[in-house]
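First comes the structure, then the notes that go with it.
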Amino acid sequence: MVRNYFKTSIRYILKHKGYTIINLLGLALGLACSFLMVLYVLNEMGYDRYHQNANQIYRITEEYTKGDRQFKTAYISAFSPLQDEIIEIERSVRIFTYSWREKALVSSGDKFFYEENFFLADPSIFDVFSWNFRWDNTYMMPPRGTPAGGGYSTAEDLLKYSQALRNHKLLSKPYTDYLFNRFEGKPGDPYVPKGMYRAVGGAPGINAYLAIDFGTGFTFIILSNYDHPTAVNLAQEIIKMYGLN
């Protein structure tokens, strides 16, 4: 009986080769898609299950509107209010993409290199997630500033920087004038610093704002231990009080 079935099937396949090929290709494609879907679902459901407390880890996101556009992003504001209000929260950690558009300049000792997909996180990240790293003494070294940040400055330091910049102690007068007026005036006009120079930076838990007004000689410095744009908003309100742009 079984032998007859095989003979009949082989004869049908040899007689209808085109139809058989179409069926086989469709079956193979369907099985391949099914296997890929199963693998994708298994990966999404279990790629982070190796953490010891995976069933207790949750991600908090927030939605906000800017103009006519709506955005969804991970919640990176301070977590202490949540931990005070919800006693079930034992640990919290913020993870922030530091260089999502470009490479980040990173230093280790005397070595400097660029890294893609560079992230900043709270120290509690190792209390929440179960990652095993091979540690060295890199993080025992004192902090060292780079062009990408990572340094320590006070308001007094930034004021000295502003004064040195305006008094041409860092750059000669032609270069200083050109630097702060490179987008103003017409070709051939003398470069005279106009308007206001601004430098803004920040990361989760820190925000800094420096503005130098060349018309009045004022320097505005705001340093904050809160997320961006805390210092920016405060500085803009103060600058408006002085009638400046």
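The values are calculated or read from the model by the stated rules, or taken from the named source; none is laboratory data. What you see is a predicted model; the values in this text were computed from it and never measured. Every residue, glycine among them, receives a Cβ derived from its backbone with ideal geometry; neighbour counts consider all protein chains shown.
Before moving on, here are some points about what is shown:
Table: residues versus (1) of a type in the set (Val, Ile, Thr); (2) in a loop (DSSP other than H, G, I, E, B); (3) more than 30 Å from Phe119 (Cα to Cα).
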residue: Ile21; (1), (2), (3): yes, no, yes
residue: Leu31; (1), (2), (3): no, no, yes
residue: Glu62; (1), (2), (3): no, no, no
residue: Thr73; (1), (2), (3): yes, no, no
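- Note on the range 49-68: among residues that are surrounded by 10 or more Cβ atoms within 10 Å (Cβ to Cβ) and without any contact (Cβ under 8 Å) to a residue 40 or more places away in the chain, the one that is farthest from Phe129 (Cα to Cα) is Glu62.
- Selection status of Ile239, assigned to a strand (DSSP E or B) and of a type in the set (Val, Ile, Thr): no
- Inter-residue pairs, beta-carbon under 6 Å, first free of Cβ contacts under 8 Å to residues at least 12 places away in the same chain and in the range 19-38, second assigned to a helix (DSSP H, G or I), 6+ apart: Thr20/Ile13
- Condition check for Tyr152: modelled with pLDDT under 85, exposed (fewer than 13 other Cβ atoms within 10 Å of the Cβ) and assigned to a helix (DSSP H, G or I): no
- From the list Leu159, Leu223, Leu170, the one residue that fits, being modelled with pLDDT of 85 or more and part of a strand (DSSP E or B), is Leu223.
- Single condition Ala164 does not satisfy, out of (1) modelled with pLDDT of 80 or more; (2) surrounded by fewer than 13 Cβ atoms within 10 Å (Cβ to Cβ); (3) touching a Lys or Arg at 6+ places or on another chain (Cβ under 6 Å): (3)
- For Ser130: the one exception among (1) over 25 Å from Ala199 (Cα atoms); (2) modelled with pLDDT under 80; (3) of a type in the set (S, T, N, Q): (2)
- His228, sole failed condition from (1) surrounded by 15 or more Cβ atoms within 10 Å (Cβ to Cβ); (2) in contact with a helix residue (DSSP H, G or I) (Cβ under 9 Å, 6 or more places away or on another chain); (3) modelled with pLDDT of 75 or more; (4) not in a strand (DSSP E or B): (2)
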